[in-house]
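Participant: Structure below; questions to follow.
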Amino acid sequence: MLIEIDHVAIAVADLDAAVAWYETMFGATVAHREHIESDGVEEALLKVADSYIQLLTPVTPESPVARYLERHGEGLHHIGYRVADVASALETLKAQGARVIDASPRPGSRGTTVAFVHPKASFGTLIELVQE
Ligand code: CO
């Protein structure tokens with residue numbers, strides 16, 4: 001079901017500072033930057049081979065990422081796995097008793113379709129299924 005790692009998401013307080021750090025330290029470049037209104041976040045994607053580091057910062061206090069930063073501070077937020085078909089992957093997971101956050105697929109950034117699986121039932125990792 002999992003094709004490859006689409007992205008590793010890191011929650012940061014200051015997106016510009018985090019981007020500058022990755023640029024300076026690793027010579028990384030921003031492949032995509034987007035304000036995702038529905039999630040209350042702004043993201044910057046840095047390409048690493050065929051995957052991305054996704055730096056995420058909240059743009060509203062109600063954003064789940066804002067709550068995450070309050071509780072945990074900056075750091076690893078979720079892992080996005082590329083799948084061929086999010087809808088069928090989600091149905092397969094639900095049929096096997098997985099606890100999902102999104103009951104059905106929804107739009108993600110850069111035109112992807114995504115669904116999140118709850119970290120409480122997946123060994124503490126927030127998992128995002130990503131269909132390009
Ligand atoms: Co993500």
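The values are calculated or read from the model by the stated rules, or taken from the named source; none is laboratory data. In this text the structure is predicted, and so the values were computed from the model without any measurement. In this analysis, Cβ positions are derived from the backbone assuming ideal geometry, glycine residues included, and neighbour counts consider all displayed protein chains.
Participant: Find the residue count for region 45-64, including only residues that are within 12 Å of the ligand (Cβ to nearest atom) and either modelled with pLDDT of 95 or more or within 10 Å of the chain's Cα centre (by Cα) (or both).
Facilitator: Qualifying residue count for the region: 7.
Participant: Please specify each residue of region 65-85 satisfying the condition of being among the β-branched types (Val, Ile, Thr) and either in a helix (DSSP H, G or I) or in contact with an Asp or Glu (Cβ under 6 Å, 6 or more places away or on another chain) (or both).
Facilitator: Val65 - this is the single residue of region 65-85 that is among the β-branched types (Val, Ile, Thr) and either in a helix (DSSP H, G or I) or in contact with an Asp or Glu (Cβ under 6 Å, 6 or more places away or on another chain) (or both).
Participant: Would you mind finding the one in Ser38, Ser104 that is outside any strand (DSSP E or B), within 16 Å of the ligand (Cβ to nearest atom) and over 21 Å from Gly124 (Cβ atoms)? Please lay out each step first, then the result.
Facilitator: Values: Ser104 fails: within 16 Å of the ligand (Cβ to nearest atom).
When all the criteria are applied, what remains is Ser38.
Participant: May I pose another question? In region 107-119, which residue that is closer than 19 Å to Val8 by Cβ and in a helix (DSSP H, G or I) is nearest to the ligand (Cβ to nearest atom)?
Facilitator: Only one residue fits best here, namely Ser109.
Participant: Is it fair to say Gly80 is out of contact with any helix residue (DSSP H, G or I) (no Cβ under 9 Å at 6 or more places or on another chain), at pLDDT below 95 and closer than 14 Å to Gln131 by Cα?
Facilitator: In short, no.
Participant: Working only within region 112-129, note down all residues that are of a type in the set (Gly, Ala, Ser) and either surrounded by 15 or more Cβ atoms within 10 Å (Cβ to Cβ) or under 14 Å from Gly80 (Cβ atoms) (or both).
Facilitator: Within region 112-129, Ala115, Ser122 meet the criteria.
Participant: Return yes when Asp16 is modelled with pLDDT under 95 and either away from the ligand (no atom under 16 Å from the Cβ) or not aliphatic (A, V, I, L, M) (or both) and no when it is not.
Facilitator: no
Participant: Out of the residues in region 75-100 that are surrounded by fewer than 15 Cβ atoms within 10 Å (Cβ to Cβ) and within 16 Å of the ligand (Cβ to nearest atom), state the one that is farthest from Ile3 (Cα to Cα).
Facilitator: Filtering first and then ranking leaves Gly75.
Participant: Of the numbered conditions (1) touching a strand residue (DSSP E or B) at 6+ places or on another chain (Cβ under 7 Å); (2) modelled with pLDDT of 95 or more, Gly40 fails exactly one; give the number of that condition.
Facilitator: With respect to (1) touching a strand residue (DSSP E or B) at 6+ places or on another chain (Cβ under 7 Å); (2) modelled with pLDDT of 95 or more, Gly40 is out only on (2).
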